[in-house]
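Asks: Before anything else, here's the structure in question.
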Amino acid sequence: GYDEGWWMVQDSSAQLVTHLLDPQPGELIIDACAAPGGKTTHIAELMKDRGTIWAIDREPKRLRKVRENARRLQLASIQTLAGDGRDMKQFRQIADRVLIDAPCSGLGTLHKRPDLRSSKPEKIDEIISIQKALLEEAATWLKPGGDLVYSTCTLNRAENEEIIKSFLSNHSHWKIQSPPSHFPALDFLAAEGWLKILPHQHLMDGFFMVKLKKGFEGLNE
């Protein structure tokens, strides 16, 4: 277990995401939107640096920071790959766990970035399209029985709850998975199974995260 208030002392919302993923030594993990790498390196540390982590980002320059962090922390399990996570067919059904810390409108960080209040509707529509495509593609990377964590730093339902509801309605062999028993922020768990952190209540950035489990095609799992 964790001392009370652990998550307030640590890197708050970001490390909650990696604890929800719950990576285990020896697994193959894919971090679909990895740069600058804080979550990637934390995954490696939770795995005791045993296994393989593929850190993906569209911008090769941003992956430099991931590699720098891995070297600084002497983590050997991290591999980087520049490319669009919406088209990575080489990863079909090889992963034990996948993290999508999705690009989003950032509406959970307005207290730090008030400029985000002026986001245009068409820009958010474009972001939602990317989020849906990332989730659809990343879902194909998992082995049956694998886990996927989807997270954003926004409170916009269209980028969070609605994306997950839509995905589950089109993929009957997937389901929401409860957090592990040692998860340090079970108080944030909603009845539906996802977690939502509200800045005015929890004194952290606003955040949404949910863990999904892949069942077997054709079986009601």
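Asks: Label-point separation (nm) for residue 58 and residue 130, each offset 7 Å from Cα along Cα-to-Cβ?
Replies: Here the answer is 0.4 nm between the modelled labels.
Asks: Shifting gears a bit: Given a Förster radius of 35 Å and the C-beta distance between residue 170 and residue 190 as r, what FRET efficiency does 1/(1 + (r/R0)^6) yield to the nearest 0.05? Intermediate results must be reported in sequence, preceding the final value.
Replies: Values: r = 21 Å, r/R0 = 0.61.
Result of the calculation: an efficiency of 0.95.
Asks: Which entries of 48/165; 61/165; 65/175; 89/175; 65/165 show an alpha-carbon separation above 31 angstrom in the structure shown? Walk me through the intermediate numbers first.
Replies: On the way: 48/165 34 Å; 61/165 34 Å; 65/175 34 Å; 89/175 23 Å; 65/165 34 Å.
Distance filter (> 31 Å) returns 48/165; 61/165; 65/175; 65/165.
Asks: What FRET efficiency, computed as 1/(1 + (r/R0)^6) with R0 = 25 Å and r the Cβ-Cβ distance, is obtained for residue 143 and residue 198, rounded to the nearest 0.05?
Replies: Values: r = 34 Å, r/R0 = 1.38.
Using R0 = 25 Å, I get an efficiency of 0.15.
Asks: Carbon-plus-sulfur fraction of the accessible area of segment 133-181, 1.4 Å probe, in percent?
Replies: Working: 830 of 1720 Å².
Percent of accessible area from carbon and sulfur atoms in segment 133-181: 48.
Asks: Take the alpha carbon atoms of segment 73-92, find their center, do the same for segment 135-188, and report the distance between the two centers in whole angstrom.
Replies: 20
Asks: Same structure again: Residue 161 versus residue 89, label points 7 Å from Cα toward the beta carbon: distance in nm?
Replies: 3.7
The values are calculated or read from the model by the stated rules, or taken from the named source; none is laboratory data. What you see is a predicted model, and the numbers here were worked out from it, not measured in a lab. Cβ coordinates were reconstructed from backbone atoms using ideal geometry, including for glycine residues, and neighbour counts include every protein chain displayed. Note: areas computed on protein heavy atoms with side chains; ligands, DNA, RNA excluded. Shrake-Rupley method; radii C 1.70, N 1.55, O 1.52, S 1.80 Å.
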